[in-house]
Protein chains: 2
Amino acid sequence: MSTRFFGAPVKRNEDRKLLTGQALFIDDVELPDMLHVAFLRSQVAHARLKQIDVSRARQRPGVVAVYVAEDYGDYWQPGPLLVQPPPIPGSTFNPRTQVPLARDKVRYVGEPLAVVVAESRYLAEDALDDIDVELETLPAVVDIEQALTSSSVPVHDDLGSNVAAHVHQVKGDYRKAAANAQIILKRRFRYEHGISSPIETRGVVAHWNARGQQMTIWDTTQAPVFIRNGLAAMLGLGERQVRVIAPFVGGGFGPKIMMFYPEEVGLPWISMRLNRPVKWIEDRLEHFVATTHERGQIHDAEIALAADGRILGVKDVFLHDTGAYNTYGLTVPINSQCTLLGPYVIPAYDSTFTAVFTNLPIVTPYRGAGRQHGVFVIERLLDLAARELGIDRAEIRRRNLIPPDAFPYNNQIIFQDFAPLSYDSGNYEPVLAKALDAIGYQRFLKEEQPKFREEGRCVGIGVACYVEGTGIGPYEGAKVQVQANGKVNVATGIGTQGQGHFTSFAQIVADQLGVDPSDVDIVTGDTDQFYWGAGTFASRGAVVAGNAVSEASAAVRRKALKLAADAFECAEEDLVLADGKVSIAGIPGKFIRLGELAQRANPMRGAVRPGTEPGLESTQYFGPPSGATANGVHAAIVEIDPLTLELKVLKYVVVHDCGTVINPMILEGQIHGGVAQGIGNAFFEKLAFDDQGQLLNASLADYLLPTALDVPRMELDHTVTPSPLNPLGIKGAGEAGAIPVGAVFAQAIEDALQLTSRKVELLEIPLSPSRLFELTRQEDA
Amino acid sequence: MSTRFFGAPVKRNEDRKLLTGQALFIDDVELPDMLHVAFLRSQVAHARLKQIDVSRARQRPGVVAVYVAEDYGDYWQPGPLLVQPPPIPGSTFNPRTQVPLARDKVRYVGEPLAVVVAESRYLAEDALDDIDVELETLPAVVDIEQALTSSSVPVHDDLGSNVAAHVHQVKGDYRKAAANAQIILKRRFRYEHGISSPIETRGVVAHWNARGQQMTIWDTTQAPVFIRNGLAAMLGLGERQVRVIAPFVGGGFGPKIMMFYPEEVGLPWISMRLNRPVKWIEDRLEHFVATTHERGQIHDAEIALAADGRILGVKDVFLHDTGAYNTYGLTVPINSQCTLLGPYVIPAYDSTFTAVFTNLPIVTPYRGAGRQHGVFVIERLLDLAARELGIDRAEIRRRNLIPPDAFPYNNQIIFQDFAPLSYDSGNYEPVLAKALDAIGYQRFLKEEQPKFREEGRCVGIGVACYVEGTGIGPYEGAKVQVQANGKVNVATGIGTQGQGHFTSFAQIVADQLGVDPSDVDIVTGDTDQFYWGAGTFASRGAVVAGNAVSEASAAVRRKALKLAADAFECAEEDLVLADGKVSIAGIPGKFIRLGELAQRANPMRGAVRPGTEPGLESTQYFGPPSGATANGVHAAIVEIDPLTLELKVLKYVVVHDCGTVINPMILEGQIHGGVAQGIGNAFFEKLAFDDQGQLLNASLADYLLPTALDVPRMELDHTVTPSPLNPLGIKGAGEAGAIPVGAVFAQAIEDALQLTSRKVELLEIPLSPSRLFELTRQEDA
């Protein structure tokens, strides 16, 4: 097998389709007799629902149906599949599943109350105004600290409190560690994440074919197989009667994996009920409340260190805002809890979180998925410790890195996949060294920064490390099939939201089968084309599906060589698979094309012998024993305008180890996008709720995303420590770019503005110019 | 495993859909923007094509396009897949493939010349009148004997003669056999078959999705996988880009397996060209010329016998009308050649056929597929011999039967699957005995017939034997999958045309998995649901696909027991699979449902371990080493009105051995339908061509099909000699009913009218009252 394409910056197969407008997105799906759907959403965050009168709406011309919770009944009760209590002794977990249409109570602004089905979306939206809702408003639970006080109204009446979950995980003995410490530092940190703002909002088209008893659903979901299975159960159908197609999707980033959104649950039911196809495309305003967020956590964290800067222990108690329902489970706070440990030897760790119900939209993972919060806490603690102990910020990190001979490194606590958090492999120090070198760390501090300061310019440097758990199970599969024209078809169960699957998977196949990546067609996210799989999340696509693709193409390779050896009556060892054909080494002109082998593998006469099967194809599954851990270091030099407090990134460096790299160009794109979202998170994006739970900036005019002008050119570099947990040695890279950005920027801004000497500590994200102004004015005041 | 359902007359799963009008047939496919197609067909049988002017037609409002052969170009040239020369030394085979639109020459009445695409079928048909065709008429080649004379014009100019094929097969030494014979009888036999007249004519809908680069074709074909593969090659697509769906089809009977019909080739190309879906549904008039026929053979056959009636040898030279093209190959005449040997020990056989091109529609298999012709010849020869040697007609058959200890019985010559004709198993004498017993053979001849004759009634008896090669390879496959709701889904590659696959396959699964057959959903004939397979022909569905279904469900059974054993931590031997659940024997209430096992087989967390795969499912293929041979005896008592020569069947008996029987009710239906078509063939149906190749009776008013009033109640009985060539022991039964009917009726009519004493021999089929009148008047003249 050659490695001609694996590792090469092959141009993307999918770009021709995307750039010429031939890629199918949900809103491109047009079906005859299709109806359109609009949702009446709650305008208040917390209220008892007295009555909904839809009679006027039902009479509006063009309206076909209006449904409220009573109409739905309980068909959706089999409910979400992901909510499982974590296997952590002593944990509390109070699952409260979102309902597809509110009954009895509304719990956040945007919660669907009723659904109008009409001949057009315009008519449907107009009819929303005809619905009369009678509510008894309740005090909104917005602040997660207040939510836990006895004066707070419970979001879920039957719970009696707003505790959604309580989890305590321990490694070592923090009390003992603290007792031995030279210093103990304790701070309160607030980390707010935001919304993913994909270029394409969510959408669902459902089409019930009564004659065929078949449901087809086009869905922007990241997990078509789970959606298929869940909806089959809800609708009383077999899984084979439900086909979920996640076509090209304009960005996923996590929120598109929620199971199940009210719209996903409702539209198929409506289509069955009305026997017509129905479509709903989320508009941007809806997206701000109807698609899940990540949001805030408040950490009370302390670190215990020896005099030389070695970490003896960390203790952290944090609150996690889970929103009105915890449909998705505990992935986000468990990730925060686990990722706080970073690349460091932390002998004692005592971490407790309380997930809190609020009257705000539901929180589920968004790129990074809670990891940012944990990284921010540990990295800021190390910055504080460095200053306190008089150690260089980079040096204190270096001293605490897990040494390369300590892998696999078991962090003992339970990870998001409910398995113990074990780092599979890593070599952290070279990553840090490369990053410091690339950013010019020493030179900056010794030569450049003093000069800037002389000039009155506020320029600072930041550096932060992280470890990211990636590539978790359970499994993915792939079917690789050579066609008679020599092209190779690959189908896999994961969906695609821009990750470059059509290229990176093609590269894996191309090397195995001696074809060009452009001769490999990839099909993703269509449950009829590949039946099994989990989905695209947790930076797992390349790790899990990539290895399944590799194993399937290796099996096809073996079949091809065997077929050719039979045809030529020679030994397989004498054969060369390249350029789409199998040749006999040393005999020019003696070859057989792959496509011809595919035809021979499907005989017209004779028999398929026992133990063989027709076709030059193979289906293989890959399930990693546990997740792989990528790691990296980001470093930045930033300049702050001391008057406006506007920020300019002078240099941004990412050094990253995600194991073996399939396509460095695609990987760079992933990192670029991640950093861009990280910058948005660090500076621009804050979901501003008032005390009534109203989102005050629910438009892209108010909720500012970083533009191309705000995202700096980045210098990227890589080291490669292959994962021992999968044959290709891959570790995931999808979320990495977004994770440490807040920590880097807080540190660099502090440095630029010399805030530490002014007794100002940046212990929160996001930091906008106005927030920086507040924080620094605080000092002046 | 229980055998609760295998062998039981389970009611058909598919009937609810069929009877309530929910089954999808091609004409039910309605797509937005669909165009409709009509074909301009040649009105003359043989002509040079000078010019086709479609300019007026193109201008007709509503006409979207008109194409002639030049527009098509050569895209279809990869051509049919089935045409292979038989591996018989010394054979001549001149393949001439049908063209999708005639170029240079037209070769039969009905051959497509041009195609009109319009907004409706009405508009398209109207526009046919606007097309001006300039032809130079040639003498039509209609008579197969004349076709071979030097005065005949060649149908294919480049061939120089009308020999489509010439095949000589030999077993033993006929010359020596003849030299030792007591008697040698020689006659000329003519056997005409007809058209299958399915309740649903053919149809094609093609839909090119340019954005997805996907072609979907709904086709009445019996072989969706072959159509998929062939069209992919023609259209320059990968097989994965082409989905062929053969939905419910209203009767197949062989002609729906032709590859490729001009309409099948043309419509997908038109859809790609116009980027719109297109539909064509064959009308009944078109069906008479556009769908393939079976037709006539002329046999000059002689039989050499010993004095005791033992056959020493048979020599046969026959002409086979293959029509204007021999696209399908040599299946029909090879079947005639092979099936002539019947259940008899025939030590010497010398058989030669010449397939002849004529200016008539193409000949391909129609239920029986040439077997009728061979059976008619040998059975009539035995009748003649019996009379000549003074041996009872049944007795001469009995004496020649292959004894039960002679199996496998190798007949040495090459069969339609290009493998040697070997009878796998059989026990022929009990079949004959049962049939004679059931018809009351001895009583009829000794007691009843004399009484009838006294009464002046012309009542006669006939009895005929046959062996049918069935269940040939190459293979079929099946995927069996338990769903979370406990229902079982089965997908297989063959299509369905009324055979009861949805029930008989379900019975096989039901026994293996301990569920009810109504809990098993079968999907057939959709290449996206099951990718590989051959098709529904040669009485092979139950044999080949049935065994694949059985093996796949057995594999699922093993998986279920293993999963349950793991769950219960017990031995698999202690488990009972019944009523949709796995229980522990002797522990009431301790069980796990199949559906729950299916869910457990797709873990949400953890890993799919190496060597395992998600899902409670299995895909298995079955390819028999060679075809299985069914056999049977038909016997009939018929009365002829001596004045009108109308026929009434007083009793009809079928005793049949098709190995193990899955569903006797479905099997009876197959036999009933086959006998009905056999009666049509024997009495009603004759394609009447004039010497210009014009079909004179191309309507159901003129071409008479037997009605319910013409088809008698039948008495059916079975013996079971399992086939050793497949685990289930099945032999095919789809064509059996139709095969010996002509032979039975000729014999019975001769007997009824005492023709032998009048020196009239019935050596041809069909025999209508008017033909009988001619034959008996001949005698009078």
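Quick note: the coordinates plus some simple rules give every number you see, no bench work behind them. Note that the structure is a prediction, hence the values are computed from the model and not measured. Backbone-built Cβ (ideal geometry, glycine too); neighbour counts: all protein chains shown.
Annotation: amide H-H contacts under 5 Å for B:Ala578 (H modelled 1.01 Å from N, sequence separation of 5 or more, or interchain): B:Ser583.
Reducing segment B:11-51 and segment B:206-229 to their Cα centroids gives an inter-centroid distance of 14 Å. Once Lys and Arg get +1 and Asp and Glu get -1 on their Cβ, which of A:Leu360, A:Asn547, A:Leu445 lies farthest toward the positive end of the dipole of chain A? Most positive-ward Cα: A:Asn547.
Once you order the gyration tensor axes a ≥ b ≥ c over the Cα atoms, which shape class does chain A get: rounded for a/c under 1.5, otherwise prolate or oblate by comparing a/b with b/c? All intermediate terms of the calculation are to be shown ahead of the outcome.
Details: a/c = 1.86, a/b = 1.11, b/c = 1.68.
Oblate, because a/c is 1.5 or more while a/b does not exceed b/c.
Each other copy places its own label point for A:Leu709 at 9.1 nm from this one, sorted shortest first, where the point lies 7 Å along the Cα-to-beta carbon line.
Give me the net charge for the shell around A:Asn275: Cβ to Cβ below 11 angstrom, other residues only, Lys and Arg +1, Asp and Glu -1.
On the way: positive: A:Arg211, A:Arg273, A:Arg276; negative: A:Asp33.
Summing Lys and Arg as +1 and Asp and Glu as -1 gives +2.
Quick one: net charge of A:Pro100's neighbours, Cβ under 11 Å, K/R +1, D/E -1? Could the numbers behind the result be given before it?
Values: positive: A:Arg103; negative: A:Asp71, A:Asp74, A:Glu111, A:Glu263, A:Glu264.
Around A:Pro100, the charge tally is -4.
Treating cross-link reach as a plain straight distance, find the lysines whose alpha-carbon is under 17 Å from the alpha-carbon of A:Lys50, omitting any fewer than eight places away in the same chain. Candidates past the 8-residue exclusion: A:Lys105.
About its Cα centre, how strong a charge dipole does chain A have in debye, to the nearest 20, once Lys and Arg get +1 and Asp and Glu get -1 at the Cβ? Mind showing how you got there, number by number?
Details: 72 positive and 93 negative charges, 279 e Å.
For chain A, the charge dipole is close to 1340 debye.
Computed over neighbours whose Cβ is under 11 Å from that of B:Tyr621, the net charge equals -1, Lys and Arg +1, Asp and Glu -1.
Taking amide hydrogens as placed 1.01 Å from N in the peptide plane, the amide H of A:Phe689 sits under 5 Å from those of A:Leu696, each at least 5 positions away in sequence or on another chain. With the label put 7 angstrom out from Cα along the Cα-to-Cβ vector, B:Ile183 ends up 12.3 nm from the copy partners, going from closest to farthest.
Nothing charged except the Cβ atoms of Lys and Arg (+1) and of Asp and Glu (-1): what's the magnitude of the dipole of segment A:341-499 about its Cα centre? Round to the nearest 20 debye. Write out the running numbers ahead of the final one.
On the way: 16 positive and 17 negative charges, 81 e Å.
Dipole of segment A:341-499, to the nearest 20 debye: 380 debye.
Take the residue pairs A:Lys451/A:Lys651; B:Lys451/B:Lys648; A:Lys256/A:Lys279; B:Lys559/B:Lys581 and return only those whose Cα atoms are more than 20 Å apart. Flagged as over cut-off: nothing, all pairs pass. When both segment B:371-435 and segment B:627-692 are represented by their alpha-carbon centers, they are found 18 Å apart.
In segment B:197-290, taking the dipole from charged Cβ atoms about the Cα centre, the farthest positive-side position among B:Gly251, B:Trp218, B:Ala232 is held by B:Ala232. Less than 5 angstrom separates the built amide H of B:Ala630 from those of B:Glu468, B:Thr470, B:Gly732, all sequence-distant by 5 or more or on a different chain. Residue of chain B with the Cβ closest to the rotation axis carrying B onto A, and that distance rounded to whole Å: B:Pro32, 2. Shown for A:Leu432, B:Leu35: other C-beta atoms within 10 Å of each C-beta, ranked fewest to most, produce the order A:Leu432, B:Leu35.
Taking each DSSP H run with n ≥ 4 as -39500 (n - 2.57) and averaging over every residue of the protein assembly as shown yields -7500 deg cm²/dmol at 222 nm.
Going by neighbour counts of Cβ atoms within 10 Å, the residues A:His373, A:His299, B:His207 line up, fewest first, as B:His207, A:His299, A:His373.
Which entries of A:Lys171/B:Lys590; A:Lys479/A:Lys731; A:Lys487/B:Lys487 have Cα-Cα distances beyond 29 Å here? Going by Cα-Cα distance, A:Lys171/B:Lys590; A:Lys487/B:Lys487 fall outside the 29 Å limit.
Across segment B:52-207, C-alpha contacts under 8 Å between residues 6 or more apart give a mean separation that, scaled by the residue count, equals a relative contact order of 26 percent.
Mind putting a number on the dipole of segment B:371-443 about its Cα centre? Charges go on the C-beta only, +1 for Lys and Arg and -1 for Asp and Glu, and I need it in Debye to the nearest 20.
Details: 9 positive and 10 negative charges, 52 e Å.
That gives segment B:371-443 a dipole magnitude of about 240 debye.
Sorted from nearest, the other copies put their B:Arg16 label points 4.7 nm away, the label point being 7 Å from Cα in the direction of Cβ. Among A:Cys465, A:Cys338, A:Cys458, the ranking by other beta carbons within 10 Å of each residue's beta carbon, starting with the fewest, stands as A:Cys458, A:Cys338, A:Cys465.
Each of A:Tyr409, A:Val520, A:Ala571 was scored by the projection of its Cα onto the charge dipole of chain A, and the greatest displacement toward the positive side belongs to A:Ala571; charges sit on the C-beta of Lys, Arg, Asp and Glu.
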